[in-house]
Amino acid sequence: MRYYTDENISKALINSLVDKDLDVLSCQEAGMLTTSDVEQLLFVEKEKRIIITRDDDFVKWHKKGAKHAGIIYIHPKMPDDDVVKGILQIHEQHARQFQRKARRLYVIQYQSPHSGWWSKLKAFLGFGG
């Protein structure tokens, strides 16, 4: 699988992904900095790259039926270490699916550090989850 990062992805995150031996092209390297979402979607479709973004506009484009090779949307609050783990998991578990079917959308979602204990406490007290 080949990846493309838009301008919302930090250089540190890009370097972490490259250090994990992923094929990552940044929008800066591709000369696509400040281009529109549509131009970027056309580029990733042509290049058969999966876009990695923190911009939820790409999720909206996906829902509207825009063609693309795949989108990995990262919640803006997700720390880079967790993002790398999530992308590696997607890379390892879903490589065949991406090859067979374009237009895949994955979301790496942030969860409040308190959400886990609150749900467990409500369940323990009998208030439901």
**Study point:** Scope region 18-33; condition out of contact with any Ser or Thr (no Cβ under 8 Å at 6 or more places or on another chain) and more than 23 Å from Gly65 (Cα to Cα); matching residues
**Key:** Val18, Asp19, Lys20, Asp21, Leu22, Asp23, Gln28, Glu29, Ala30, Gly31, Leu33
Practice item. Being touching a Ser or Thr at 6+ places or on another chain (Cβ under 9 Å) and either in a strand (DSSP E or B) or among the acidic types (Asp, Glu) (or both) is the filter here, so list the residues in region 38-74 that pass it. Key: Ile51, Ile52, Thr53, Ile71, Ile72, Tyr73, Ile74
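Yes or no: Ala69 modelled with pLDDT of 90 or more and among the hydrophobic types (A, V, I, L, M, F, W, C)? Reasoning before the result, please.
Working: modelled with pLDDT of 90 or more: no; among the hydrophobic types (A, V, I, L, M, F, W, C): yes.
No, not satisfied.
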Practice item. Keeping to region 62-79, report how many residues are surrounded by fewer than 19 Cβ atoms within 10 Å (Cβ to Cβ), in contact with a Lys or Arg (Cβ under 8 Å, 6 or more places away or on another chain) and within 20 Å of Thr34 (Cβ to Cβ). Key: 1
Practice item. Please give the number of the condition Met1 fails out of (1) in contact with an Asp or Glu (Cβ under 8 Å, 6 or more places away or on another chain); (2) loosely packed, with under 14 Cβ neighbours inside 10 Å; (3) not acidic (Asp, Glu). Key: (2)
Check your understanding: For Ile9, which of the numbered conditions (1) touching a residue at least 12 places away in the same chain (Cβ under 8 Å); (2) more than 14 Å from Leu105 (Cα to Cα); (3) touching a Phe, Trp or Tyr at 6+ places or on another chain (Cβ under 9 Å) fails to hold?
Key -> (3)
Point to revise | Set Val59, Val83: member being β-branched (Val, Ile, Thr), surrounded by 12 or more Cβ atoms within 10 Å (Cβ to Cβ), in contact with a Leu (Cβ under 8 Å, 6 or more places away or on another chain) and within 15 Å of Ser16 (Cα to Cα) | key: Val83
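The values are calculated or read from the model by the stated rules, or taken from the named source; none is laboratory data. No experiment lies behind these values; they were computed from the predicted model shown. Neighbour counts are summed over all protein chains in view; Cβ atoms, including those assigned to glycine, are modelled from backbone coordinates with ideal geometry.
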